[in-house]
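Participant: Submitted below is the structure of interest, expressed as structure tokens.
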Amino acid sequence: MPASVLNAVLNGKRAVTTEYALLLEAALGIDADIWLSMQADYNKQVAKSDPSFMDRINRIRNVAAFL
């Protein structure tokens, strides 16, 4: 993995893909699942911080409550 890619991943400018997670696991001995879990948590935080997306979620919840 080029240093520029690693730097981008560590600075949150590039997502941790399955391939990157496996490369990090091979290089650092830290299980790929941990890297992927951290990426999923980050993705969830980003989505929850988007007001328009949260409005959409709330509309879906309101519709689902009537079913």
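The values are calculated or read from the model by the stated rules, or taken from the named source; none is laboratory data. Note that the structure is predicted; figures quoted are calculated from it, not measured. Here the Cβ is made from the backbone with ideal geometry for all residues, glycine too, and neighbour counts use every protein chain on show. Ligands, DNA and RNA are stripped out before the accessible areas are found, and what is left, the full protein with its side chains, is counted by its heavy atoms. Shrake-Rupley method; radii C 1.70, N 1.55, O 1.52, S 1.80 Å.
Participant: Output wanted: per-residue J couplings in Hz (rounded whole) for the stretch 3-19, from phi through Karplus 6.51 cos²θ - 1.76 cosθ + 1.60, θ = phi - 60°, x for Gly and Pro.
Facilitator: Going residue by residue, I get 4, 5, 5, 4, 4, 5, 5, 5, 9, x, 9, 9, 6, 7, 7, 4, 5 Hz, with x marking Gly and Pro.
Participant: Once you have the Cα-Cα distance between Val63 and Asp50, take 0.36 nm times their residue separation minus that, and quote the gain in nm to one decimal.
Facilitator: Gain on extension, Val63 to Asp50, equals 2.7 nm.
Participant: Which is farthest toward the positive dipole end of the chain among Leu6, Gln45, Val16, measuring Cα position about the Cα centre, with Cβ charges +1 (Lys, Arg) and -1 (Asp, Glu)?
Facilitator: Farthest towards the positive end: Gln45.
Participant: Right, another one. Hey, can you find the accessible area per residue of the chain for me, probe 1.4 Å, expressed in square angstrom?
Facilitator: 79 Å²
Participant: For the stretch 21-26, just list the computed ³J(HN,Hα) in residue order, Karplus coefficients 6.51, -1.76 and 1.60, θ = phi - 60°, integers in Hz, with x standing in for Gly and Pro.
Facilitator: Result, rounded to whole Hz: 4, 5, 5, 5, 4, 5.
Participant: For the pair Thr17/Met38, report the inter-label distance in nm, with labels modelled 7 Å from Cα in the Cβ direction.
Facilitator: The answer from the label model is 1.9 nm.
Participant: Something else: Can you send over the carbon and sulfur percentage of the accessible area for the chain, probe radius 1.4 Å, protein chains only?
Facilitator: Details: 3130 of 5280 Å².
Here it works out to 59 percent.
Participant: Helix-only mean residue ellipticity at 222 nm, the chain, DSSP H runs n ≥ 4 weighted -39,500 (n - 2.57), per residue, nearest 500. What is it?
Facilitator: It lands at -24500 deg cm²/dmol.
Participant: Also, quick follow-up: If you plug each phi of the stretch 28-33 into the Karplus form 6.51 cos²θ - 1.76 cosθ + 1.60 with θ = phi - 60°, what whole-Hz ³J(HN,Hα) values come out, in order, with x for Gly and Pro?
Facilitator: With coefficients 6.51, -1.76 and 1.60, one gets 10, x, 9, 3, 4, 4 Hz.
Participant: Could you tell me which of rounded, prolate or oblate describes the stretch 1-51, using a ≥ b ≥ c as the square roots of the eigenvalues of the alpha-carbon gyration tensor, with rounded for a/c under 1.5 and, failing that, prolate when a/b is larger than b/c and oblate otherwise?
Facilitator: Numbers: a/c = 3.21, a/b = 1.60, b/c = 2.01.
It comes out oblate by the Cα gyration axes.
Participant: Right, next: Take each of the peptides 17-30, 40-53, average the number of other beta-carbon atoms within 10 Å over its residues, and list them starting from the highest.
Facilitator: Averaged packing, sorted descending, gives the order 17-30, 40-53.
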